[in-house]
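Single-structure report; data block below.
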Amino acid sequence: MTRISYSTQGFIDRDLASALAAIATAGFPQAEISSQAPHASDPLMGSELDQFRSMLRDSGVGAATVHAPMRENVLGAPDETWRAEKMKVMSDYLRFTADIGAKGMVIHPVPNPMFVTDPERPELSQIMRDATRRSLDELIPVAQDAGVRMLLENLPYNCGYPFLNMAELRPLIDPYPEDAVGLVVDTGHAWTSGDDPADEIRMAGSRLWGTHLQDVDGENPQDNHWVPGHGGLNWDQIREAFDDVGYEAAQTFEVIVPRHGESLEDLARQTNEVAGTWGWS
């Protein structure tokens, strides 16, 4: 049974029903649902949730994962008022993730420095470490009650913040229940940050429950979100690393940007073709 999935972020130029239709046409049976407008920008309830589930059924595309809101929506907010406000958002999205049948929710551990006041303060690192753990402590009961695993993602920020790669994320989550907290490796984020994606996969190990597969320029990576094979990553080594850790969850592609003038439909189709050459579809 195929486990490939495609992020609706790849069709963020249209409404979610149209994005799912394009993903289905490209041959993907599952999707990661973006929380960016015009997709799942609110955690729906009631009749709106019923309509959302009907839309998923009609599309023939299942929800593998949900990407929680980004920007300021993080675990390690350095201000307590900010952090507490986002815990309500995260809790609502965990329940929404369960309500649409997805099993994992991707979360950014810490903010991009652009959203932080005086972002180079030396005390920020410890403040973010403490805030991240406090947030996990609060969200784990919500995640377990919903039956959803939180998936913490490696990030490509050029700063000294904590929890940007698996060297720090894996020890962070090790004490927490496996059914509530896991990891997601973004291959492009890894290379952009100077980390080898295959090493990141192996470091995540048994706690790896999600992927954002994308290619980047090998010499000057800029989190490019290209089709695998259009950049400089070594995909043989990356796939070998997945085999080494026995990875069995969804293989989600987060392809967004054309390298050679392709349409968004072309990108999804080409990505599916790549997955086919790997024996994944």
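The values are calculated or read from the model by the stated rules, or taken from the named source; none is laboratory data. The shown structure was predicted, so the numbers you read here are calculated from the model rather than taken from an experiment. We place every Cβ from the backbone using ideal geometry, glycine too, and count neighbours over all the protein chains shown.
When you check SER7 against the structure, is it at pLDDT 95 or above, closer than 21 Å to LEU267 by Cβ, under 16 Å from the mean Cα position of the chain (by Cα) and among the polar types (S, T, N, Q), yes or no? So that I can check it myself, show each step before the final result.
Numbers: at pLDDT 95 or above: yes; closer than 21 Å to LEU267 by Cβ: yes; under 16 Å from the mean Cα position of the chain (by Cα): yes; among the polar types (S, T, N, Q): yes.
Yes; evaluated as a whole, the condition is true for this residue.
Among the numbered conditions (1) at pLDDT below 95; (2) within 15 Å of the chain's Cα centre (by Cα), the only one that ILE33 does not meet is (1).
Yes or no, residue by residue, for (1) in contact with a strand residue (DSSP E or B) (Cβ under 7 Å, 6 or more places away or on another chain); (2) surrounded by fewer than 22 Cβ atoms within 10 Å (Cβ to Cβ):
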{"residue": "ALA84", "(1), (2)": "no, yes"}
{"residue": "MET87", "(1), (2)": "no, yes"}
{"residue": "ILE100", "(1), (2)": "yes, yes"}
{"residue": "HIS108", "(1), (2)": "yes, no"}
{"residue": "PRO156", "(1), (2)": "no, yes"}
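Per the listing PRO119, PRO162, the residue uniquely touching a residue at least 40 places away in the same chain (Cβ under 8 Å), touching a Lys or Arg at 6+ places or on another chain (Cβ under 7 Å), outside any helix (DSSP H, G or I) and farther than 28 Å from PRO29 by Cβ is PRO162. Cβ-Cβ contacts under 6 Å between residues 6 or more apart (or on different chains), taken from a first residue in region 144-155 that is touching a residue at least 12 places away in the same chain (Cβ under 8 Å) to a second residue that is polar (S, T, N, Q), are listed as VAL148/THR97; ASN154/ASN165. Entry remark, region 1-29: residues being of a type in the set (S, T, N, Q) and surrounded by fewer than 20 Cβ atoms within 10 Å (Cβ to Cβ) number 3 in total. Residue pairs whose Cβ atoms lie under 6 Å apart, separated by 6 or more positions or on different chains, with the first residue in region 193-213 and in contact (Cβ under 8 Å) with a residue 12 or more places away in the chain and the second of a type in the set (D, E, K, R) and outside any helix (DSSP H, G or I), are TRP209/ARG149; HIS212/ASP186; HIS212/GLU254.
Among all positions in region 102-112, there is no residue which is in contact with a His (Cβ under 7 Å, 6 or more places away or on another chain) and of a type in the set (S, T, N, Q). For ALA21, state whether it is part of a helix (DSSP H, G or I) and either in contact (Cβ under 8 Å) with a residue 60 or more places away in the chain or aliphatic (A, V, I, L, M) (or both). Judged against the criteria, ALA21 is a match. In region 59-73, the qualifying residues are those that are touching a residue at least 40 places away in the same chain (Cβ under 8 Å) and not small (Gly, Ala, Ser), and the one that is surrounded by the fewest Cβ atoms within 10 Å (Cβ to Cβ) is ARG71.
Taken as a whole, region 97-114 holds at least one residue that is touching a helix residue (DSSP H, G or I) at 6+ places or on another chain (Cβ under 9 Å), more than 21 Å from GLY188 (Cα to Cα), of a type in the set (Ser, Thr, Tyr) and assigned to a helix (DSSP H, G or I). When ASN220, ASN224 are screened for being at pLDDT 95 or above and surrounded by fewer than 20 Cβ atoms within 10 Å (Cβ to Cβ), only ASN220 passes. Scanning region 134-154 for residues that are modelled with pLDDT of 95 or more, at positive phi and crowded, with 20+ Cβ neighbours inside 10 Å turns up nothing.
Find the residue count for region 233-274, including only residues that are in a loop (DSSP other than H, G, I, E, B), among the small types (Gly, Ala, Ser) and in contact (Cβ under 8 Å) with a residue 40 or more places away in the chain.
Filtering region 233-274 for residues in a loop (DSSP other than H, G, I, E, B) gives 233-234, 246-250, 254-263.
The next check asks that each one be among the small types (Gly, Ala, Ser); those that pass are 246, 249-250, 261, 263.
Add one more test, that the residue is in contact (Cβ under 8 Å) with a residue 40 or more places away in the chain, and what stays is 246, 249-250.
Residues flagged as in a loop (DSSP other than H, G, I, E, B), among the small types (Gly, Ala, Ser) and in contact (Cβ under 8 Å) with a residue 40 or more places away in the chain within region 233-274 amount to 3.
Output the qualifying pairs, or none if there are none: Cβ atoms under 9 angstrom, residues six or more apart or on different chains, first residue in region 78-107 and at positive phi, second residue surrounded by 18 or more Cβ atoms within 10 Å (Cβ to Cβ) and of a type outside the set (Gly, Ala, Ser). Within 9 Å, the pairs are GLY101/LEU56. When region 37-58 is limited to residues that are within 18 Å of the chain's Cα centre (by Cα) and hydrophobic (A, V, I, L, M, F, W, C), the one that is surrounded by the fewest Cβ atoms within 10 Å (Cβ to Cβ) turns out to be ALA37.
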